[in-house]
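Enquirer: Before we start, here is the structure in question, set down as structure tokens.
The values are calculated or read from the model by the stated rules, or taken from the named source; none is laboratory data. This one's a predicted model, so the numbers in the text were calculated from it and none came from an experiment. Here the Cβ positions follow ideal geometry from the backbone for every residue, glycine too, while neighbour counts run over all protein chains shown. Please note that ligands, DNA and RNA were not included when accessible areas were found on the heavy atoms of the full protein model with its side chains. Shrake-Rupley method; radii C 1.70, N 1.55, O 1.52, S 1.80 Å.
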Amino acid sequence: MPKFSVTIITKDEAAHIGDALKGVAWADELIVVDSNSTDETVAIARQWTDRVIVREWPGYVAQKNYAASIASHDWVLSLDADERVTPELAEDIRSTLSGAPAHAAYRLPRVTWHLGRWIRTTDWYPDHQLRLYDRRSARWTGKYVHETLSVNGTTGQLGGELQHFAYRDITDHLETIDRYTAYAARQMRESGGRAGLFQLAGHPPLAFLRNYSARGGIRDGVPGLIISVLNAYYVFLKFAKLWELQLGASVNHKDTKNTKQPL
């Protein structure tokens, strides 16, 4: 069985990091790369591993690739501090790595706890995450948000769930939406994306119907309704911020054109 490393990148995750590391204490190596936390994240992490590195924040992609690069083993399980490996997932990982793994990377089904229950409906489930990988054949790519693992080879699927404790409450959920939609709009803008009336008026209602009806949010009662609305709000805010970036670029362009050159 090839040995493997668990990597976690952190910033002010004192509320989560202990439980995250406890769930993977059986791994061959635990690595935490912290971005100058102002709480007790580093101290708690050092109770579980001596491989705790503090460095400046270069972005999600660069930080995850750095964490993988300093691992002692080629097989890596990349976790977030607010995630927990279940016993079933741990057994799947051991079984998969017990021989020669058939794939270069593996997806894990992720389930999120929010509003008092596990959410197994809406766009949130099954939220497959490509996290277990051979670093010789895979690397994190992307820009500002929703980094992805680019794999040179085939990918497989594990059955055990990865638990996700994403939000403390609705206020925390809304703050996260505000932050991530800013990243998403910037990324879309730099990739040539455009937002207009169709995107602003059409995409959010379609997102709500997909979450609430097609993907079963209605079965989760009030929590399912709230999550479906907030998922649609995410789509609206992303396009609204993209439109605002376009407006700013258009105004700046006009100002530049109207600026008279000195004689």
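Enquirer: Quick one: net charge around I53, please, counting Lys, Arg +1 and Asp, Glu -1 for every other residue with C-beta under 14 Å from its C-beta.
Expert: Numbers: positive: K11, R46, R51, R55, K64; negative: E29, D34, D50, E56.
In short, +1.
Enquirer: Right, another one. With θ taken as phi - 60° and the coefficients 6.51, -1.76 and 1.60, list the Karplus ³J(HN,Hα) couplings across the stretch 35-40 in order, rounded to whole Hz; mark glycine and proline as x.
Expert: After applying 6.51 cos²θ - 1.76 cosθ + 1.60, I find 9, 6, 4, 9, 10, 8 Hz.
Enquirer: I've got another one for you. Leaving ligands, DNA and RNA out of it, report the carbon-plus-sulfur percent of the accessible area of the chain at a 1.4 Å probe.
Expert: Numbers: 7140 of 13580 Å².
Answer for the chain is 53 percent, counting heavy atoms of protein chains only.
Enquirer: A follow-up question, please. Between L197 and A100, what is 0.36 nm times their sequence separation minus the Cα-Cα distance? Round to one decimal in nm.
Expert: Working: separation 97, 0.36 × 97 = 34.92 nm, distance 5.23 nm.
29.7 nm is the gain from fully extending L197 to A100.
Enquirer: Next question, about the same structure. Could you give P(r) for the stretch 1-64, binned at 5 Å from zero, as whole percent values over all Cα-Cα pairs?
Expert: Using 5 Å bins, I get a P(r) of 4, 19, 32, 24, 15, 6, 1, 0 for the stretch 1-64.
Enquirer: Work out Dmax and Rg for the chain from the C-alpha atoms and quote the Rg first, both in angstrom.
Expert: In order Rg, Dmax, the Cα atoms of the chain give 20.9, 77 Å.
Enquirer: Compute the long axis of helix 170-190 from its Cα atoms, compare it with the longest principal axis of the Cα atoms of the chain, and write down the angle in degrees, 0 to 90, nearest 10.
Expert: For 170-190 against the chain, the angle is about 70 degrees.
Enquirer: Starting from the residue with the highest accessible area, list H114, H103, H73 in decreasing order, probe 1.4 Å.
Expert: Descending order: H103, H73, H114.
Enquirer: Follow-up question, since we're still on this one. Using DSSP loop states and a limit of at most 16 other Cβ atoms within 10 Å to flag GluC sites (Glu not before Pro), what is the longest stretch of the chain containing no flagged site?
Expert: Numbers: sites that count: E40, E56.
Counting only loop sites that pass the neighbour cut-off, the longest clear stretch is 57-263.
Enquirer: Let me check against my output: what whole-number percent is the relative contact order of the chain, with C-alpha pairs under 8 Å and at least 6 apart?
Expert: The value is 17 percent.
Enquirer: Would you tally the net charge around P101, using a Cβ to Cβ cut-off of less than 11 Å, leaving P101 out, and scoring K and R as +1, D and E as -1? Could you put the intermediate results ahead of the total?
Expert: Details: positive: none; negative: D74, D134.
Combined, the nearby Lys, Arg, Asp and Glu give -2.
Enquirer: Using the heavy atoms of the protein chains and a 1.4 angstrom probe, tell me the accessible area per residue for the stretch 128-260 in square angstrom.
Expert: Details: 7710 Å² over 133 residues.
Here the residues of the stretch 128-260 average 58 Å² of exposed surface.
Enquirer: Let me ask something additional. Based solely on its DSSP helices, what 222 nm [θ] is calculated for the chain when runs of n ≥ 4 H residues each add -39,500 (n - 2.57) and the sum is averaged over all residues, nearest 500 deg cm²/dmol?
Expert: The helix contribution divided over the chain gives -13000 deg cm²/dmol.
Enquirer: Compute the accessible area per residue over the stretch 65-119, keeping the other protein chains in place, probe 1.4 Å, unit Å².
Expert: On a per-residue basis, 37 Å².
Enquirer: What number, in percent, do you get for the relative contact order of the stretch 111-263 if the mean sequence gap of Cα pairs under 8 Å and at least 6 apart is divided by its residue count?
Expert: 27
Enquirer: OK, next. Tally Lys/Arg at +1 and Asp/Glu at -1 over every other residue whose Cβ is under 14 Å from the Cβ of E244; what's the total?
Expert: Result for the local shell: +4.
Enquirer: Next up: Enumerate the amide H contacts of L30 below 5 Å, restricted to partners 5 or more residues apart or on another chain; note that Pro and chain-start residues carry no placed amide H.
Expert: V6
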